[in-house]
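Take a look at the structure below.
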Amino acid sequence: YGVFPADDDGESVWVVSRPHDWRPKNTLEALLRIDLRSKELVQEVAIPSHFTHDAVRQGDKVYVADTGGGGVRELLFPSMRPTGRVASFTVREHVNTIAPAGDPRHPDAVWALLHNIGSSKLVLVDMATGTRVREFQDVANKAHGLVPWEGGFIILNSGEGQLCKFTPPPESAPSDAKGILEVLWRDQQKTFM
């Protein structure tokens, strides 16, 4: 449920360990550092997250999708200590995939894809303040995955069995402007992706 580089040379990665498929209160979730050469578990760090769906890194920050807790949590890299910054969402919004914004205008921002148990939303949230900078409704149906690509994002329109590209409108567009959802591939059986 999420993987990101642990070092610049690609020798190891951090992965999210969520040893369950739902939300038991007594199960510990962790980040595991795996050495790709030796194939050994090098380090394990408990994370303050429940029903974790994703983790990504941007510079000296790691962002964790705390789906069961309803938010995105920020950790310091490489210690993985919580900074105390949390961008709150509701549990029903079901934050499941995140991507660093990588935007100098919003240095503390993260994109969050909200499955929303139906009509999904894409939100740019400022981790320093917890405020929603931009929000797009009806991005897809029960969406998953969030890979920045060519000015937009590759996502799974899971409820429709589609691989799509969502392109947000420019920041200069009116606040009610909608983005563009382009279907790149479709499973004729509408398999949940």
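Summary of computed values
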quantity: Matching entry among R92, R57, R85, R73 (being farther than 18 Å from G2 by Cα, in a strand (DSSP E or B) and under 17 Å from the mean Cα position of the chain (by Cα)); calculated: R85
quantity: Those residues of the range 137-151 which are in a strand (DSSP E or B) and in contact with a Lys or Arg (Cβ under 8 Å, 6 or more places away or on another chain), in sequence order; calculated: W149
quantity: Candidates T97, T52 - the one that is open to solvent by less than 50 Å² (accessible area, probe 1.4 Å), of a type in the set (V, I, T), within 23 Å of F153 (Cβ to Cβ) and not in a strand (DSSP E or B); calculated: T52
quantity: Test set (1) without any contact (Cβ under 8 Å) to a residue 60 or more places away in the chain; (2) open to solvent by less than 20 Å² (accessible area, probe 1.4 Å) - A65 fails condition number; calculated: (1)
quantity: Options E150, E135: the member that is open to solvent by 20 Å² or more (accessible area, probe 1.4 Å) and under 12 Å from F89 (Cβ atoms); calculated: E135
quantity: Within the range 116-130, considering residues that are part of a loop (DSSP other than H, G, I, E, B) and in contact (Cβ under 8 Å) with a residue 40 or more places away in the chain, the one most open to solvent (accessible area, probe 1.4 Å); calculated: A128
quantity: Tally of residues being touching a Phe, Trp or Tyr at 6+ places or on another chain (Cβ under 7 Å) and either closer than 25 Å to V91 by Cβ or modelled with pLDDT under 90 (or both) across the range 4-13; calculated: 1
quantity: Subset tally (residues that are under 15 Å from A65 (Cα atoms) and part of a loop (DSSP other than H, G, I, E, B)) for the range 29-49; calculated: 4
quantity: Residues of the range 152-181 satisfying the condition of being farther than 19 Å from A112 by Cα and not in a loop (DSSP other than H, G, I, E, B); calculated: E160, Q162
quantity: Members of the range 153-192 that are closer than 20 Å to V110 by Cβ and open to solvent by 80 Å² or more (accessible area, probe 1.4 Å); calculated: P170, E171
quantity: Subset of the range 138-147 [among the β-branched types (V, I, T) and open to solvent by less than 60 Å² (accessible area, probe 1.4 Å)]; calculated: V139
quantity: Matching residues in the range 68-85 - criterion: being of a type in the set (V, I, T) and crowded, with 20+ Cβ neighbours inside 10 Å; calculated: V72
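The values are calculated or read from the model by the stated rules, or taken from the named source; none is laboratory data. Note that this is a predicted model, so its numbers are computed, not measured. Positions of Cβ are backbone-derived with ideal geometry, glycine not excepted, and every protein chain shown enters the neighbour counts. Heads up: the accessible areas ignore ligands, DNA and RNA and are worked out on the full protein's heavy atoms, side chains in. Shrake-Rupley method; radii C 1.70, N 1.55, O 1.52, S 1.80 Å.
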